[in-house]
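What follows is a short report on a single structure.
The values are calculated or read from the model by the stated rules, or taken from the named source; none is laboratory data. This structure is a prediction, so every number in the text was calculated from the model and none was measured. Neighbour counts are summed over all protein chains in view; Cβ atoms, including those assigned to glycine, are modelled from backbone coordinates with ideal geometry.
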Amino acid sequence: MFKKALTLITGTDDTSALRMPKARAAKKLTERELIQMESEIGGKLFGEVPKGHRREFFCLDDKTWVWYEEWIDQSGKRQNMTVRYEVQEKNILKVQEGARYSFLEGDELKNFMAAITAYHDRVAREVYHRDPHTGQKFV
Amino acid sequence: MTEPELSRSNTIYEGTRFESNETVIDIHAGNPDLIDLAAAREARAVADAEIAAAREAAANAETRDPDQAHTIGARLLYYRGEAIRSAA
């Protein structure tokens, strides 16, 4: 699921280190698993996912956000799209497959900021059980 | 009527037209009032200043977004790190 996104990000298709462990301790979550939990929330921030689509939206690190979408087209062929957003010093760069680059601006920038703010607030509450405003853990 | 002529009288009469580089002021036939050119210029200057301020505010708002995005990302990384550390 993340292979395509990670290939775009890292430039390698070696995702062996990121595969889900076959058995895990009940409370011992890896970074990879936490990202997956976050992504389940992130993928639903933009409204209902169309039937047959799979959508992921997650914060990879403090400067990188990833949108991944996968679907079956009319000919039955699996399609996917990955967009990487790089937070730079003065801009946010949108990187799409095919070496397409653009800086976010206008409504797209507003929507991106709204999305990551909502992502933070929901993930803080639902994954990390923290108050999104103070960062403090819920008692 | 050209601008030098208008400058002498400082007024524009009905049916005349004043043009600058960016602005056209038409004195419509239905409005018989005299137009004070100095006041019109002052209003134009105020409008230009307001537009410039709005543009600057919009630009500043956009330049703050990367900082906010970075802050959000950093917080999430901290939460993740704490979750991993506390579970270890």
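Structure above, values below:
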quantity	calculated
Count of residues meeting criterion [closer than 25 Å to A:GLU126 by Cβ and in contact with a helix residue (DSSP H, G or I) (Cβ under 7 Å, 6 or more places away or on another chain)] in the range B:49-77	6
Residues (under 25 Å from B:ALA58 (Cβ atoms), within 9 Å of chain B (Cβ to nearest Cβ) and of a type in the set (Lys, Arg)) located in the range A:90-139	A:LYS90, A:LYS110
Subset of the range A:38-66 that is of a type in the set (A, V, I, L, M, F, W, C) and more than 14 Å from chain B (Cβ to nearest Cβ) - its residue that is farthest from B:PRO66 (Cα to Cα)	A:VAL49
Positions within the range A:106-122 being under 16 Å from B:GLN68 (Cβ atoms) and surrounded by 13 or more Cβ atoms within 10 Å (Cβ to Cβ), in sequence order	A:GLU108, A:LEU109, A:LYS110, A:PHE112, A:MET113, A:ALA115, A:ILE116, A:THR117, A:ALA118, A:TYR119, A:HIS120, A:ASP121
Every pair of residues 6+ apart whose Cβ atoms lie under 9 Å, when the first sits in the range A:25-42 and is on the phi < 0 side of the Ramachandran plot and assigned to a helix (DSSP H, G or I) while the second is at pLDDT 90 or above and hydroxyl-bearing (Ser, Thr, Tyr)	A:LEU34/A:TYR128; A:LEU34/B:TYR79; A:GLU38/A:TYR119; A:SER39/A:TYR68; A:ILE41/A:TYR119; A:GLY42/A:TYR119
